[in-house]
Amino acid sequence: MNQTEKPTALIMIFGATGDLANRKLFPSLYQLYQKGNLDRFAVIGVARRSLTDEQFKQNVKDSVLSAENSSENIDEFISHFSYHSHDVTDSSSYTALNQLAEELDNRFKLNGNRIFYLAMAPEFFGTIAEHLKKDGLTNVKGFKRLVIEKPFGHDLESAKKLNKQIRTAFSENEIYRIDHYLGKEMVQNIEVIRFANAMFEPLWNNRYISNIQITSSEVLGVEERGRYYEKSGALRDMVQNHMLQMVALLAMEPPIRLTTDEIRSEKVRVLRSLRQVTGEDVGKYFVRGQYGEGVVNGEQLPAYRNEDMVDPESTTETFVAGKLMIDNFRWAGVPFYIRTGKRMLTKQTKIVIQFKDIPMNLYYQTEQTLAPNLLVIHIQPEEGITLHLNAKKFGQSLDATPVKMSFANKGINGMNTPEAYELLLFDCMRGDATNFTHWDEVALSWSFVDNISNAWRNMKETSFPNYESGKMGPQAAHELLEKDGFHWWPVTTLDVETCN
Ligand code: NAP
């Protein structure tokens, strides 16, 4: 399908009464509809609870109204929705689901195209995929695609098992594994910044870059997700997918073409070049943390161990910092530092590329040390880039002073950035899998992360909690960089006006 063609499909959302469907999927579909990006479409919501079509349509309407400022065409939009009450473990109900799908296919002229979106707990993914095939739902004359939410397994073994199950019904190019970070505007912008600018790509290597830092921090704690988080922790929840995907985009070679296969194969090569850290070495490269209590904005916050559904002696990490080495020609010797966690000082995702110092400082006589050049990519909540340079101090002296040049997405074009899910749903409907993760990426990421979790399992952490709520993680995360002569660049905001 070319870029201007509008997609046509029946979308079956499994888990249609859940949080993800209501907060993200329905509003994103509405946005696509409003922008005229959907041609012919219908949605079947699937979940156990008993709802009439009318009740379900009202739920969809409510979720759109609570997320969007507009309600234009909302009744027309929800007329495309139907509901099927169905326990996905109940074999007898898939036939009725298929009948409904066929009826909608005829009514809305959907060409037999079907998208199965699994917005449910991962333990059901395999069962659903097997039933879809066995009960004929994948037997269509158009395309069939499976969209799968994270987590894709909880280690390499379970991911392999899940992959095998879904591959019985879908081929690799029909599987769209969501990593919603890949739908973020500024994550997609990493490639453009790198490959469309003569001033960055020639410097994008170990001769000119000293280190790269990726921070993804949250202010919130575990909230009501204690049960899930206890089994996951920050390593599986954030590092295996989002953090490693950002590393891959930053470190990959330029693809020969901007096709899905070429881009993915370059990312896979990065993941293959990651230095594997095992056993006792894990302590040299990775730091884990768990938040304790703290006072943030005058509010007393509980420690992780006192949160709902959390073991009072839990050793689950709510913070990870790591030093990743990519052992290839371009990156040998350049550390990629990552850190992510909950209950930290700010909510932000940011990448800092620190360039090496220039060969000689001409300003040494005035005892000036020059600030290093930094390129900061602000992923969220701010979106944009900031370049930190040195320039002449205004006035008589010849001294240098740091200046910042910034570009902010919102500041410049006044546009609301589309929600990541909107972009990803649209990509999936058009058959563009570039911003979804290929099985090879998932497998390599798990094998890297499994080494770390195995080592941690063998060294039971006794010093938890080890950072106060509202701080940027434990002291050891700072020492990780200090040992190499670096430090985490502090939290800065994207200030578009600054160009001094
Ligand atoms: P949720 O709020 O717990 O929703 C689960 C949905 O599954 C509900 O609609 C539930 O409806 C349905 N369900 C449960 N058991 C069922 C069964 N046996 N048969 C049919 N339907 C069943 O979960 P969620 O937060 O939306 O998350 C869904 C998935 O997305 C998970 O894999 C999660 O990890 C992932 N995810 C969520 C978010 C998010 O922002 N929420 C972000 C990233 C990834 P009934 O009770 O009516 O059956």
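Odds and ends about this structure:
- Region 250-276 and region 328-347 have Cα centres lying 18 Å from one another.
- Rounded if a/c under 1.5, otherwise prolate or oblate - region 373-485, Cα gyration tensor axes: oblate
- Cα gyration tensor category, rounded, prolate or oblate, for region 136-240 with a/c compared to 1.5: oblate
- The chain - Rg (one decimal) and Dmax (whole number), Cα, Å: 24.2, 84
- For G294, residues with placed amide H under 5 Å, excluding near neighbours: L301, S469
- With 0.36 nm allotted per residue and the present C-alpha distance subtracted, the L65-K460 stretch has 137.5 nm of extension available.
- On Cα atoms only, tilt of 94-108 relative to the major axis of the chain in degrees: 90
- Taking only protein heavy atoms and a 1.4 Å probe, the accessible area of the chain is 50% carbon and sulfur.
- With all protein chains modelled, accessible area of M309 [1.4 Å, Å²]: 110
- Per-residue 3J(HN,Hα) values for region 364-374, derived from phi via the Karplus relation 6.51 cos²θ - 1.76 cosθ + 1.60 with θ = phi - 60°, read 5, 4, 8, 6, 8, 9, 7, 6, x, 6, 10 Hz in sequence order (x marks Gly and Pro).
- ³J(HN,Hα) computed for each position of region 435-450 - Karplus, 6.51 cos²θ - 1.76 cosθ + 1.60, integer Hz, glycine/proline x: 9, 10, 8, 6, 3, 4, 5, 4, 5, 5, 5, 5, 5, 5, 6, 4
- Only helices enter this figure: runs of n ≥ 4 DSSP H residues, each worth -39500 (n - 2.57), summed and divided by the residues of the chain, yield -9500 deg cm²/dmol at 222 nm to the nearest 500.
- Residue-normalised accessible area of region 23-122, expressed per residue, 1.4 Å probe, Å²: 45
- When only Cα pairs below 8 angstrom with a gap of at least 6 residues are kept, region 302-439 shows a relative contact order of 12 percent.
- The shape of region 258-337 can be summarised by an equivalent ellipsoid whose semi-axes, obtained from the alpha carbon gyration tensor, come to 36, 17, 13 Å from longest to shortest.
- For the chain, relative contact order (Cα pairs under 8 Å, six or more residues apart, normalised by length) works out to 17 percent.
- Note on region 102-148: Cα-Cα pairs beyond 13 Å make up 59% of the total pair count.
- At the residue level, E419 shows approximately 80 square angstrom of accessible surface with a 1.4 angstrom probe and all protein chains present.
- Exposure ranking of K184, K392, K342 by accessible area [1.4 Å probe, largest first]: K392, K184, K342
- Over region 70-160: Kirkwood hydrodynamic radius from C-alpha pairwise inverse distances, Å: 14.9
- Hypothetical label at D308: residues of region 23-58 whose amide nitrogen lies under 19 Å (7 Å Cα-Cβ projection): 23
- The residues of region 123-228 present an accessible area of 44 Å² per residue when probed at 1.4 Å with all protein chains retained.
The values are calculated or read from the model by the stated rules, or taken from the named source; none is laboratory data. Keep in mind it's a predicted model, so treat the numbers as computed, not measured. Here the Cβ is made from the backbone with ideal geometry for all residues, glycine too, and neighbour counts use every protein chain on show. Just the protein is used for accessible areas: all its heavy atoms, side chains included, with ligands, DNA and RNA removed. Shrake-Rupley method; radii C 1.70, N 1.55, O 1.52, S 1.80 Å.
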